[in-house]
Amino acid sequence: MAKPEPLRSASHRRFNPLTGDWVLVSPHRAQRPWQGQRERKTAPAGLAHDPNCYLCPGNLRANGASNPDYPHTFVFDNDFPALLADAPTDVESDGLLVAEGESGRCRVLCFSPRHDLTLSGMAIADIERVVDVWVEETIALGGLPDIESVQIFENRGEMMGASNPHPHGQIWATRHLPNELEKETNRQGEYLLQHRRPLLLDYLAQELRHGERVVLANDDFCVLVPFWAIWPFETMILPRRRIGGFDEMSAGERLSLAQVLSQLTRLYDSLFDAPFPYSMGFHQKPTDGAVHAEWQMHAHFYPPLLRSAAVRKFMVGFEMLGSPQRDITPEAAAAKLREAAGSRADDPPLRSPR
Ligand SMILES: [Zn+2]
Ligand SMILES: [Zn+2]
């Protein structure tokens with residue numbers, strides 16, 4: 001078959017026959033500007049509005065549009081999307097070289113009009129507005145005929161590649177399930193078949209019985225360092241009841257989630273007494289219209305810091321080539337996080353009967 005020519009200029013994914021994973025390729029995006037460098041020179045810390053920031057209210061964006069004077073949240077299509085809505089759906093296959101068009105949407109969500117705030121500095125009511133947008137975007141994007149997955153995430157801090165310090169997250173909706181979603185869908189599906197219960201509900205019940213990896217909790221959500229955590233202070237946010245995705249959350253649960261996000265991000269900042277960098281995101285059920293009784297939505301926080309604001313963990317060597325490795329145990333990490341939260345580490349936390 002001919003070279004995969006039509007896909008050369010549009011978003012597509014390529015298959016890795018060695019691992020079975022896919023890599024997303026966005027050739028149209030190579031000219032994307034990097035604002036991070038400029039930002040460091042122009043924006044002193046603690047600036048509520050930066051005239052040079054393309055996310056602040058009223059400012060001009062790269063595509064020539066002006067941001068509205070938004071009072072709370074603001075969501076818009078990424079000016080340099082990794083995924084194109086009109087990407088061809090062609091499958092190009094030439095022996096072991098397999099690629100296919102990957103259409104999608106990339107949205108940007110400003111958490112606040114304030115340039116100098118982060119989730120940890122925002123009022124609960126304002127974080128709740130962010131959660132509300134996540135719900136709305138999940139429903140709107142997930143309802144599109146070509147969208148099977150809605151991935152919500154935030155990169156915080158230069159260390160995690162955030163190109164602009166203005167508090168914002170991203171929402172990428174894709175035609176296919178990304179690797180991680182596909183793996184988690186398969187694993188949860190197999191568990192449900194075998195045990196007749198969702199995997200992550202059973203997991204949470206077990207963690208609540210042990211208690212040692214639980215960091216904090218409220219009536220609806222629980223934050224813990226997973227038993228299998230890779231990053232030093234990695235955490236998961238797990239709902240206490242089965243919730244497949246943002247579209248299934250009640251108003252009370254949205255508020256609960258905002259509270260937990262506020263607590264967790266403040267706790268992270270206090271751990272090394274510095275703004276804590278991380279990549280975080282929510283995994284939720286595919287938006288292919290099926291029920292997905294196996295799916296339990298959750299958040300992953302992947303912070304790179306190890307011992308201080310300056311010492312980070314690198315994923316290199318054996319970790320790139322073999323498997324991840326860690327020194328500090330998840331139990332010790334959970335204890336340190338609980339200490340940072342002001343609770344005594346030896347205080348058995350939150351043994352919930354539920
Ligand atoms: Zn800004
Ligand atoms: Zn997950």
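The values are calculated or read from the model by the stated rules, or taken from the named source; none is laboratory data. Since the model is a prediction, treat every value here as computed from it, not as a measurement. Positions of Cβ are backbone-derived with ideal geometry, glycine not excepted, and every protein chain shown enters the neighbour counts. Ligands, DNA and RNA are stripped out before the accessible areas are found, and what is left, the full protein with its side chains, is counted by its heavy atoms. Shrake-Rupley method; radii C 1.70, N 1.55, O 1.52, S 1.80 Å.
Across region 192-343, the convex hull enclosing all Cα atoms gives 132 Å³ per residue. Applying 1/(1 + (r/R0)^6) with r as the Cβ-Cβ distance of Arg307 and Phe153 and R0 = 30 angstrom yields a FRET efficiency of 0.70. Normalised by residue number, the volume inside the convex hull of the Cα atoms of region 84-215 is 202 Å³ per residue. Counted over all Cα-Cα pairs of region 112-185, pairs farther apart than 16 Å make up 59 percent. Counting only protein heavy atoms and a 1.4 Å probe, region 270-346 has 48 square angstrom of accessible area per residue.
In loop segments of region 279-319 as defined by DSSP, the chymotrypsin sites (Phe, Trp or Tyr not before Pro) with at most 12 further C-beta atoms inside 10 Å of their C-beta are Phe314.
This model, with +1 at the C-beta of Lys and Arg and -1 at the C-beta of Asp and Glu, gives the chain a dipole about its Cα centre of some 680 debye.
Would you kindly give the portion of the calculated P(r) for the chain that falls above 26 Å, as a percent of all Cα pairs? When every Cα pair of the chain is considered, 54 percent fall beyond 26 Å.
Extension gain, Asp146 to Ile328, is 61.2 nm, computed as 0.36 nm per intervening residue step minus the present C-alpha separation. Positive contributions from Lys and Arg (+1) and negative ones from Asp and Glu (-1), summed over other residues with Cβ under 12 Å from the Cβ of Lys183, come out at -4.
When Rg and Dmax are taken over the Cα atoms of region 89-129, they come to 20.2, 55 Å.
Counted as membrane-span-like here are DSSP H helices of the chain whose alpha-carbon atoms extend 20 Å or more along the helix's own axis and whose Kyte-Doolittle mean is 0.0 or above; these are 124-142, 251-271. Of the solvent-accessible surface of the chain, computed with a 1.4 Å probe over protein heavy atoms with every protein chain present, carbon and sulfur atoms account for 55 percent.
Where the centre of each part is set by its Cα atoms, how far does region 136-157 sit from region 169-242, in angstrom? When both Cα centres are located, 19 Å separates them. Spin-label model, Phe318 to His210: label points 7 Å out along the Cα-to-beta-carbon direction sit 2.2 nm apart.
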